[in-house]
């Protein structure tokens with residue numbers, strides 16, 4: 001078995017890395033180690049972990065859409081959801097993407 005440290009993995013923008021046979025506990029430990037200020041995105045489903053580094057233009061679109069939703073919530077006086085991007089869904093059955101999709105280079 002080969003062991004790599006997360007800091008040794010570099011995912012260039014627009015690329016992804018897929019790991020198999022990852023436990024939910026390992027996924028949560030990875031999220032904790034990477035913290036909230038990571039540039040990469042993670043997706044976990046049934047033992048598969050995908051780490052991707054989005055292209056800068058996707059990040060710009062994400063911010064614009066998020067700002068638009070915040071404006072709508074303010075306009076209609078709806079409560080905002082305070083969800084951290086690094087908090088995994090605790091109910092694993094809810095997070096079953098049909099297909100995993102995996103700024104700067106993502107130094108994991």
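The values are calculated or read from the model by the stated rules, or taken from the named source; none is laboratory data. None of the values given here were measured: they were computed from a predicted structure. Using ideal geometry, Cβ is built from the backbone for each residue, glycine included, and neighbour counts are taken over all protein chains shown.
You will find that of 105, 86, the residue that is surrounded by 11 or more Cβ atoms within 10 Å (Cβ to Cβ), modelled with pLDDT under 55 and touching a helix residue (DSSP H, G or I) at 6+ places or on another chain (Cβ under 8 Å) is 86 and no other. If I filter the range 44-59 down to residues being over 13 Å from the mean Cα position of the chain (by Cα) and modelled with pLDDT under 85, which single residue comes out as farthest from residue 20 (Cα to Cα)? That would be 57.
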